[in-house]
Amino acid sequence: MEVKKGYKQTEIGVIPSDWEVKRLGELGKFSKGQGIRKDEAQSGNIPCIRYGEIYTKHDNVIKEFYSFISPSVAKTAKKIKQGDILFAGSGETKEEIGKCVANLISEEAYAGGDIVILSPFNADSLLLGYLLNSPPIVKQKSSKGQGDAVVHISAKGLKGVVISLPKTKSEQSAIAAVLSETDSLITSLEKLIAKKEAIKKGTMQALLTGKKRLPGFNSKWQKKKIKRLFKFLSTANNSRSELSDEGEIGYIHYGDIHTKWSEFLDVSTESIPFIKKYKIKDVPFLENGDLLIADASEDYEGLCACIELKNVNHREIVGGLHTLLLRGNKDEIADGFKGYLLHLKGFKEAVIRAATGISVYGVSKKNLGEIEIIIPDTNEQSSIAAVISDMTTEIKQLEEKLQKYKVIKQGMMQNLLTGKIRLV
């Protein structure tokens with residue numbers, strides 16, 4: 001294959017002509033972390049990092065420390081320097097082994113056992129933090145992992161990892177700066193989403209329990225039984241093994257309610273399992289606003305996971321195994337409000353009291369129907385639902401923006417870290 005002008009073919013692919021191919025062993029000095037047991041990780045106020053935190057707390061760069069040791073523990077631990085690259089020396093899979101983070105913090109800090117440390121001579125550490133976690137390098141590290149149940153990678157294995165780098169520190173730093181700025185945008189969005197989620201949670205708790213009332217509403221909430229608010233309809237009882245992508249009828253299995261959906265299911269955007277039409281008999285099709293409840297769970301917390309259906313349109317969909325189908329009385333309960341049933345004061349506790357079982361807990365139609373909840377009139381229900389829905393929409397839009405930034409970042413990494421796009 002012809003290589004375009006200004007580039008050259010190397011053992012790790014096509015790179016700019018003025019870039020270098022290096023093994024990590026040529027970039028700096030390797031050493032090992034040591035000491036710091038789990039029970040010592042909060043023994044003082046000196047920052048440290050343990051190998052497990054590289055997987056769970058950090059992404060490419062150490063921005064803060066989560067563990068702190070005493071001076072006596074620090075005496076037997078390995079001190080790290082600003083600019084060091086820390087690799088997790090142990091992991092559960094070869095695909096994740098050797099994940100690394102760059103330490104750009106100048107304060108005194110230490111590394112525990114199962115951490116391999118690279119102290120670069122003259123490379124940009126921030127760039128290495130991104131580069132050494134990129135897919136081509138992850139693939140190399142994976143090939144050097146040893147073990148099955150627990151995978152290890154050594155300094156010897158890491159020394160043989162091959163990378164390409166700009167010759168000049170200025171170009172290295174320019175690439176790192178662009179990736180870091182993109183990371184900052186992503187982090188800011190993640191924090192904003194978390195803040196919006198917390199506000200939504202607090203708003204839901206206040207509005208759905210009556211602790212806070214919306215302007216214009218002051219009538220007393222009424223206590224009503226579930227069987228007054230809803231009509232119970234039949235559901236199918238087919239197992240998951242009978243489902244396929246080729247069926248004609250949508251089928252909502254109770255396990256999907258537990259794991260895939262929360263409060264509302266927009267059928268127009270979410271994929272659902274299917275079942276052959278001949279396997280379904282004498283079961284009503286679902287309609288917009290129907291409430292589908294999972295009536296079985298391995299723990300009390302999972303009991304009565306529920307979804308309110310949206311945008312069913314004319315699709316033929318049925319409720320499946322271990323689900324209860326509740327169709328609301330429109331004079332008593334408003335569309336858009338039913339999905340918040342579990343958030344209403346006292347409902348969850350009443351379901352748990354009504355549940356039966358030992359290893360698997362369940363609740364019957366009869367017991368569920370007798371449960372009483374305190375709710376506002378339908379006008380206030382609709383207003384509450386609208387407020388929460390607007391907050392949910394805003395969060396969803398931010399999440400879509402976040403996902404877009406992450407895709408952009410991946411493209412930037414692929415182009416910048418291979419020299420396909422040059423900054424200087």
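The values are calculated or read from the model by the stated rules, or taken from the named source; none is laboratory data. As the structure is a prediction and not an experimental result, all values here were calculated from the model. Using ideal geometry, Cβ is built from the backbone for each residue, glycine included, and neighbour counts are taken over all protein chains shown.
Among the candidates 368, 398, single out the residue that is hydrophobic (A, V, I, L, M, F, W, C) and surrounded by fewer than 20 Cβ atoms within 10 Å (Cβ to Cβ). Lay out the reasoning, then the answer.
Details: 368 fails: surrounded by fewer than 20 Cβ atoms within 10 Å (Cβ to Cβ).
Going through 368, 398 in turn, the sole match is 398.
Between 255, 289, 250, which is touching a Pro at 6+ places or on another chain (Cβ under 9 Å), surrounded by 16 or more Cβ atoms within 10 Å (Cβ to Cβ) and either in the same structural domain as residue 331 (by TED's automatic domain parsing) or not aromatic (Phe, Trp, Tyr) (or both)?
Values: 255 fails: touching a Pro at 6+ places or on another chain (Cβ under 9 Å); 289 fails: touching a Pro at 6+ places or on another chain (Cβ under 9 Å).
The match here is 250.
Please work out if residue 342 is surrounded by fewer than 19 Cβ atoms within 10 Å (Cβ to Cβ) and of a type in the set (A, V, I, L, M).
Spelling it out, residue 342 is indeed surrounded by fewer than 19 Cβ atoms within 10 Å (Cβ to Cβ) and of a type in the set (A, V, I, L, M).
Got a sec? Which of 116, 101 is outside any helix (DSSP H, G or I) and either in contact with a His (Cβ under 9 Å, 6 or more places away or on another chain) or assigned by TED's automatic domain parsing to the domain that holds residue 410 (or both)?
Matching residue, one of 116, 101: 101.
Take the conditions more than 16 Å from residue 292 (Cα to Cα), touching a helix residue (DSSP H, G or I) at 6+ places or on another chain (Cβ under 8 Å), not acidic (Asp, Glu) and not in a helix (DSSP H, G or I) and apply them to residue 352. Does it pass?
no
Which one of 72, 106 is assigned to a loop (DSSP other than H, G, I, E, B), without any contact (Cβ under 8 Å) to a residue 40 or more places away in the chain and surrounded by fewer than 17 Cβ atoms within 10 Å (Cβ to Cβ)?
None of the others qualify; the one that does is 106.
Just checking, does the stretch 113-125 include any residue being of a type in the set (D, E, K, R), crowded, with 19+ Cβ neighbours inside 10 Å, farther than 19 Å from residue 23 by Cα and touching a residue at least 40 places away in the same chain (Cβ under 8 Å)?
Yes - at least one qualifying residue is present in the stretch 113-125.
Looking only at the stretch 255-283, count how many residues are in a helix (DSSP H, G or I) and within 22 Å of the chain's Cα centre (by Cα). Even if it seems obvious, please write down each step before you answer.
Residues of the stretch 255-283 in a helix (DSSP H, G or I): 255-259, 277-279.
Now restrict to residues that are within 22 Å of the chain's Cα centre (by Cα): 255-259.
Looking only at that region, the number is 5.
Regarding the stretch 174-188, can at least one residue be identified that is more than 22 Å from the chain's Cα centre (by Cα) and under 23 Å from residue 347 (Cβ atoms)?
Scanning the stretch 174-188 turns up no residue that is more than 22 Å from the chain's Cα centre (by Cα) and under 23 Å from residue 347 (Cβ atoms).
Go over the candidates 94, 29, 5 one by one and state the one that is in contact with a Ser or Thr (Cβ under 9 Å, 6 or more places away or on another chain), of a type outside the set (S, T, N, Q), part of a strand (DSSP E or B) and not assigned by TED's automatic domain parsing to the domain that holds residue 179.
Unique residue meeting the criteria: 29.
Could you grab me the full set of residues in the stretch 30-46 that are surrounded by fewer than 20 Cβ atoms within 10 Å (Cβ to Cβ) and farther than 26 Å from residue 93 by Cα?
42, 43, 44, 45, 46
Show the residue pairs that are 6+ apart or on different chains and have beta-carbon atoms under 8 Å apart, the first residue being within the stretch 405-419 and closer than 17 Å to residue 172 by Cα, the second being modelled with pLDDT under 95 and among the basic types (Lys, Arg).
These pairs meet every condition: 414/420.
Residue under question is residue 391, and the condition is that it be of a type outside the set (Phe, Trp, Tyr), assigned to a helix (DSSP H, G or I), buried (at least 18 other Cβ atoms within 10 Å of the Cβ) and in the same structural domain as residue 205 (by TED's automatic domain parsing); does it hold?
Criteria not met by residue 391.
Any idea which of (1) assigned to a helix (DSSP H, G or I); (2) touching a Phe, Trp or Tyr at 6+ places or on another chain (Cβ under 9 Å) is the one residue 401 doesn't satisfy?
(2)
So residue 219 ticks every box in (1) crowded, with 17+ Cβ neighbours inside 10 Å; (2) more than 22 Å from residue 87 (Cβ to Cβ) but one. Which box is left unticked?
(1)
Which of (1) more than 34 Å from the chain's Cα centre (by Cα); (2) in a loop (DSSP other than H, G, I, E, B); (3) not charged (D, E, K, R) does residue 15 not meet, given it meets every other one?
Going through (1) more than 34 Å from the chain's Cα centre (by Cα); (2) in a loop (DSSP other than H, G, I, E, B); (3) not charged (D, E, K, R) one by one, residue 15 breaks only (2).
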